[in-house]
Amino acid sequence: MKSWILKNLRKKEGVVSGQALSAQLGISRVAIWKHIQQLQALGYEITSSAKGYRLVNSPDVPYPWEFADRESKIIYYAELTSTMDAAKHLARKGCPDFTTVIAGRQKNGRGRLNRQWLSEKGGLYFTMVLRPDLPPVLSFRVGLLASVTLARILNEIFGIDVRVKWPNDLLVDERKICGILSELEAEVDQVAFINIGIGLNVNNDPSPIEPAATSLKNILGRKVSIKEILVRYLDLFEAQMQTPAYDEVIEQWKQFTVTLNRDVRVVTTHEVLTGKAIDIDDTGALVLKCSDGSLQTIRYGDCFHQTH
Ligand code: BTN
């Protein structure tokens, strides 16, 4: 109902009468008024006069009704421990493909390799529950596609040059703007779900304890719309998951990466390796040429670009 009311208010510049809304939606004018009051309480600036209602301003909050066709699959919380936990719970209960949990802030945001992900207000924090028809060994591609697609969208909207660091951090001028965490549950030969969690620094100031981090606000010198980024991202990413581009993700990733042909240090759960990153294989694993000439394939780890 809220999406319908907003759609009607957004259709016209001017005032929309309560009577017109109630006729269109088939509910009483009192019911319309109640919905308007709820929208106002959520931050929508709607004026009311004898002539009707006028939408003056909308909050930059990714409420479900802002997502047109996917409204029923969007779950928004102003605050949450972690969208990963909420998404896992929903996935195990059988929620549909592309269910997306969003948080305004997280009290216990998680990063890769058991790190904390600071999640203050102003950032974009969400997890998508995905159910691709894939064997677990190829699941890595989904994370790569998620990062490349976000780099594309940020470039399209803001004209900034966003690059990917293996496996799927997004960097602008070598500074981290986004991290992606993937969690998977699978049978031996079939993925049950892959949850992709994305933390994008948008209008927040990354903490000084993360000196190599930046945000869109820091780069552009102004605040930008979290809602617009997410609406456009989910549409493009879902389309990409259904098209042949999904098979070409390794090639796409190579176009966007700044990791290949670089000297890197890779920290895995049990060792630290250094060498030149020369390729990624079909599964997304990093191929490293070590100083003794040997090749090492790394499936999971944290990569640091070396600067000389
Ligand atoms: C990393 O670079 O270490 C990955 C960071 C992933 C952070 C996101 S924010 C949304 C989702 N919820 C979490 O708790 N973590 C991911």
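The values are calculated or read from the model by the stated rules, or taken from the named source; none is laboratory data. In this text, all values refer to a predicted model and were calculated from it rather than measured experimentally. Quick reminder, even Gly has a Cβ in these numbers, built from the backbone with ideal geometry, and neighbours come from all protein chains shown. Remember, those area values only see protein heavy atoms, side chains included, never the ligands or the DNA or RNA. Shrake-Rupley method; radii C 1.70, N 1.55, O 1.52, S 1.80 Å.
The table below gives the values:
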quantity	calculated
Any hit, the range 6-15, residues being among the small types (Gly, Ala, Ser), outside the structural domain of residue 233 (by TED's automatic domain parsing), touching a strand residue (DSSP E or B) at 6+ places or on another chain (Cβ under 9 Å) and assigned to a helix (DSSP H, G or I)	no
Every pair of residues 6+ apart whose Cβ atoms lie under 8 Å, when the first sits in the range 258-276 and is on the phi > 0 side of the Ramachandran plot while the second is not small (Gly, Ala, Ser)	261/276; 261/278; 275/263; 275/264; 275/288; 275/289; 275/290; 275/296
Set 252, 296: member being in contact (Cβ under 8 Å) with a residue 60 or more places away in the chain and farther than 23 Å from residue 111 by Cβ	252
Entirely in the range 215-308, the strands (runs of 3 or more DSSP E) that have 2 or more residues that are open to solvent by 50 Å² or more (accessible area, probe 1.4 Å)	262-267, 272-280, 295-298
Odd one out for residue 66, checked against (1) part of a helix (DSSP H, G or I); (2) surrounded by fewer than 17 Cβ atoms within 10 Å (Cβ to Cβ)	(2)
Condition broken by residue 231, with the remaining ones in (1) among the β-branched types (Val, Ile, Thr); (2) within 29 Å of residue 67 (Cβ to Cβ); (3) not assigned by TED's automatic domain parsing to the domain that holds residue 139 satisfied	(3)
Index of the failed condition, residue 82 passing every other in (1) over 16 Å from the mean Cα position of the chain (by Cα); (2) crowded, with 21+ Cβ neighbours inside 10 Å	(1)
Residue in the range 148-166 that is over 22 Å from residue 246 (Cα atoms), assigned by TED's automatic domain parsing to the domain that holds residue 92, of a type outside the set (D, E, K, R) and outside any helix (DSSP H, G or I) present	yes
Flag if residue 287 is free of Cβ contacts under 8 Å to residues at least 12 places away in the same chain, closer than 24 Å to residue 173 by Cα and of a type in the set (Val, Ile, Thr)	yes
Failed criterion for residue 3 (all others in (1) polar (S, T, N, Q); (2) open to solvent by less than 60 Å² (accessible area, probe 1.4 Å); (3) free of Cβ contacts under 8 Å to residues at least 60 places away in the same chain hold)	(3)
